[in-house]
Amino acid sequence: METTAKFIFDGKTFEMPIITGSEGEKAIDISKLRQETGFITYDPGFANTGACLSNITFMNGEKGILRYRGIPVEQLAEHSSFVETAYLLINGELPVRTQLQSFSVLLNDHSLVHEDMRHFFNNFPRRAHPMGILSSMVNALRAFYPEIPERSEEEEINMTVTRLLSKVRTMAAISYKISRGHKVVYPKQELSYAANFLNMMFDSPVRPYEIDPDLVKALNVFWILHADHEQNCSTAAVRLVGSARVNLYAAISAGICALWGPLHGGANQAVIEMLEAIQANGGDVNPFIARAKHKDDPFRLMGFGHRVYKTYDPRAKIMKEQCYKILEKLKIHDPLLDIAMKLEEAALKDSYFIDHYLYPNLDFYTGIVLRAIGIPLNMFTVMFAIGRLPGWISQWKESMEDPHWKLHRPRQVYTGLNQRDYIPIDQRG
Ligand code: CMC
């Protein structure tokens, strides 16, 4: 097997090493290309660029495979909890019982948010999007929890990781309560991570919240499925911003901003808005399919297509099952599920979607589950952000420990004007 790739230009041959991943994926190491040849590579959207070597998550977009630290996501969704999966992603191995217990206790101990931060929450306009609030408040955490010089770097990182995992969930619930003008509910020591979140969201002095174990399970599955997805847009943002050696809060805040976009995490909200638009239009999916296919119409079927998956997203399969289970359990008939199924059926038979390898992605069914749990539409992407935190953290940690670490700084091919002189303002015509 060849260990180098050859690049022939102007009669000269240049050799570049081939890197082979543990699942047989191949890459050409072009890190010396410019130095040796004067060329850079051009790859819009980095669709063909490997920016790092990573041990965390394996995806195969052709076969629909997703594994965290080697374990199939299907097994984790069935048997694990979000906290255990977070531990796996961040530490590389599943915890033994005592490790899991102390991790859960630690998350509980740090789940309160500094009382002075409450003033900030109170002063955002009521209509502010919770993703904007979350990214600002995560960045603000550094001001409230500054570095303590006596702590070792490892202790400082562990403390920051714990605070983030624990407080982001509390902050999300606080922003929801404040947006409703309701009393904030504090986390409770006796509740699990997901149960605590539901309680902080929905408990009220006039209507105590009854925690339903099936909803807790559904939320755990939702978060596990979102926990990591290798070098997606927000994770790439966390790695890029982190490469400037900013603090972890700032890097995670950048990830939250990237996730907000409707082509990424914001798609879960956009899917429901699209299904509601179809419903308001009489429920016929065909005009929407026709628009999505039209070359001059920017409209896309939200919750369809993926940069890596060219088959059914394995997470969408699990989410679809959860969707049926939860609606049946809660005895809810959601007309948006009927529309989603009609849309999926029509799209999967349509040659445009077949030829473009466009299948439902994770976001296609998550909104229906979140609606059934009672999560308001503008909080959907926040739910994704809580789930993606362990992925962002583990990817950031890996990049900080990477012996090949470098400041992220892509190049460009300049296509603008050549040098010209400055013209004083009174001589410009
Ligand atoms: N509806 C209609 N056409 C589509 C869609 C869609 N949802 N997605 C891609 N296409 C077409 C696109 O128009 C293009 O057609 P052509 O080659 O004829 O010009 C072709 O497929 C390739 O599209 P692309 O934008 O170059 O592909 P990409 O890999 O950059 O896009 C994507 C990936 C997720 C941005 C895109 O599929 C999309 O916009 N989907 C809708 C938004 C969405 O559901 N996002 C959630 C992604 S999964 C969760 C996450 O990771 O955040």
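Computed values, structure above
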item	result
Some residue of region 390-406 being in a loop (DSSP other than H, G, I, E, B), among the basic types (Lys, Arg) and more than 16 Å from the ligand (Cβ to nearest atom)	yes
Scan of region 33-71 for residues that are within 19 Å of residue 18 (Cβ to Cβ), within 15 Å of the ligand (Cβ to nearest atom) and of a type in the set (D, E, K, R), ordered by number	43
Qualifying position, being open to solvent by 40 Å² or more (accessible area, probe 1.4 Å) and near the ligand (Cβ under 9 Å from one of its atoms), among 293, 317, 310	293
Residues located in region 219-244, provided they are under 17 Å from residue 267 (Cβ atoms) and of a type outside the set (A, V, I, L, M, F, W, C)	226, 229, 232, 234, 235
Pairs with Cβ under 9 Å, 6+ apart, first in region 260-280 and under 21 Å from residue 133 (Cβ atoms) and of a type in the set (D, E, K, R), second more than 8 Å from the ligand (Cβ to nearest atom) and open to solvent by 30 Å² or more (accessible area, probe 1.4 Å)	273/377
Residue ID - nearest to residue 63 (Cα to Cα), chosen from residues in region 360-372 that are open to solvent by 10 Å² or more (accessible area, probe 1.4 Å) and either within 10 Å of the ligand (Cβ to nearest atom) or modelled with pLDDT under 90 (or both)	361
Filter result for the condition that a residue is more than 28 Å from residue 327 (Cβ to Cβ) and either within 21 Å of the chain's Cα centre (by Cα) or open to solvent by 10 Å² or more (accessible area, probe 1.4 Å) (or both), over 172, 236	236
Residue match in region 160-177 (condition: over 24 Å from residue 83 (Cβ atoms) and without any contact (Cβ under 8 Å) to a residue 40 or more places away in the chain)	no
Leading residue by the ranking (nearest to the ligand (Cβ to nearest atom)) among those in region 265-287 that are closer than 30 Å to residue 237 by Cα and among the aliphatic types (A, V, I, L, M)	267
Extreme residue, nearest to the chain's Cα centre (by Cα), among residues of region 376-400 that are of a type in the set (A, V, I, L, M) and open to solvent by 10 Å² or more (accessible area, probe 1.4 Å)	377
Unmet requirement for residue 371, which otherwise passes all of (1) of a type in the set (D, E, K, R); (2) closer than 25 Å to residue 126 by Cα; (3) touching a strand residue (DSSP E or B) at 6+ places or on another chain (Cβ under 8 Å)	(3)
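The values are calculated or read from the model by the stated rules, or taken from the named source; none is laboratory data. Values in this document were obtained by computation on a predicted structure and should not be read as measured data. With ideal geometry, Cβ positions are generated from the backbone for all residues, glycine too; neighbour counts draw on all protein chains shown. Note: accessible area is taken over every heavy atom of the protein model, side chains too, but ligands, DNA and RNA are not part of it. Shrake-Rupley method; radii C 1.70, N 1.55, O 1.52, S 1.80 Å.
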